Amino acid sequence: MPEKATRERARRDKRQGKAASTQAGEFVREEMHHIREGKHGARSTKQAIAIALSKARRSGVKLAPPRRGAKRSTKQSAKYARRAGAHGARRPSPRRSRAVRRALRREGHRAASRKALARQARTAARRRSGRARSASAARAARTKGPRVRRAAARKAARTRRRAAS
């Protein structure tokens, strides 16, 4: 069950007109915190993100279905999670959640390390074209607001300077 503050932050993102992936990002953030504080582990960063996305769908975030290349079971799981999100919270099965928690407790905590997250972000970005990355950056800029946009512009200029030298 996601924390109330996480659901609230996701709702605020939705009100501000931010993308579903940004709203889901709040759940990913919470999941990483859980792993870091030792609540449970994860086999890989990808698994940790998948758990968070499932929680987001169950909380009503309208995420797009998994891509065409995804496993059939992944697509099915996402479908169930989305349907559960549409119906509102039902009480989870205690036996099942206990089993899941025990299985995840046996996993390591490296999946949420800065190094692992950076590696995951890099490989995910590498799979996308430059045009796609640029388009999503432009979309993000539209919902940023003047102060955050100015900081982002400064950072971009600094990056360009570093790349030039």
I need the shape label for region 105-165. Rule: rounded when a/c is under 1.5, else prolate if a/b > b/c, else oblate, with a, b, c from the alpha carbon gyration tensor. prolate
Extension gain from Ala135 to Arg67, taking 0.36 nm per residue of separation minus the Cα-Cα distance: 22.6 nm
Testing the spin-label approximation: label points 7 Å from Cα along Cα→Cβ at Thr74 and Ser97. State their distance in nm. 2.7 nm
At a threshold of 8 angstrom on Cα-Cα distance, excluding pairs fewer than six apart, so keeping six or more, what relative contact order does the chain reach in percent? 24 percent
Size of electric dipole in region 1-148: Cβ of Lys, Arg +1 and of Asp, Glu -1, about Cα centre, debye, nearest 20: 460 debye
So what's Rg/Rh here for region 11-92, counting alpha carbon atoms and using the Kirkwood radius for Rh? 0.97
Tilt, helix 94-105 to longest principal axis of the chain (alpha-carbon atoms), in degrees rounded to tens, equals 50 degrees
Using 0.36 nm per residue, how much length does the chain from Arg149 to Lys115 gain when fully extended, once their Cα-Cα distance is taken away? 9.6 nm
Given the rule -39500 (n - 2.57) for each run of at least 4 DSSP H residues, summed and divided by the residues of the chain, what is its mean residue ellipticity at 222 nm, to the nearest 500 deg cm²/dmol? -23000 deg cm²/dmol
Could you tell me, in Å, what Rg and Dmax come out for the Cα atoms of the chain? 17.6, 58
Along the charge dipole of the chain, pointing to its positive end and built from +1/-1 on Cβ of Lys, Arg, Asp and Glu, which listed residue (Val148, Ser136, Ala24) has its Cα farthest out? Ser136
How would His109, His87 rank on accessible area, largest to smallest, probe 1.4 Å? His87, His109
Heavy atoms only, probe 1.4 Å: what % of the accessible area of the chain goes to carbon and sulfur, would you let me know? 51 percent
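The values are calculated or read from the model by the stated rules, or taken from the named source; none is laboratory data. What you see is a predicted model; the values in this text were computed from it and never measured. Glycine also receives a Cβ, built like all others from the backbone with ideal geometry; neighbour counts cover every protein chain displayed. Remember, those area values only see protein heavy atoms, side chains included, never the ligands or the DNA or RNA. Shrake-Rupley method; radii C 1.70, N 1.55, O 1.52, S 1.80 Å.
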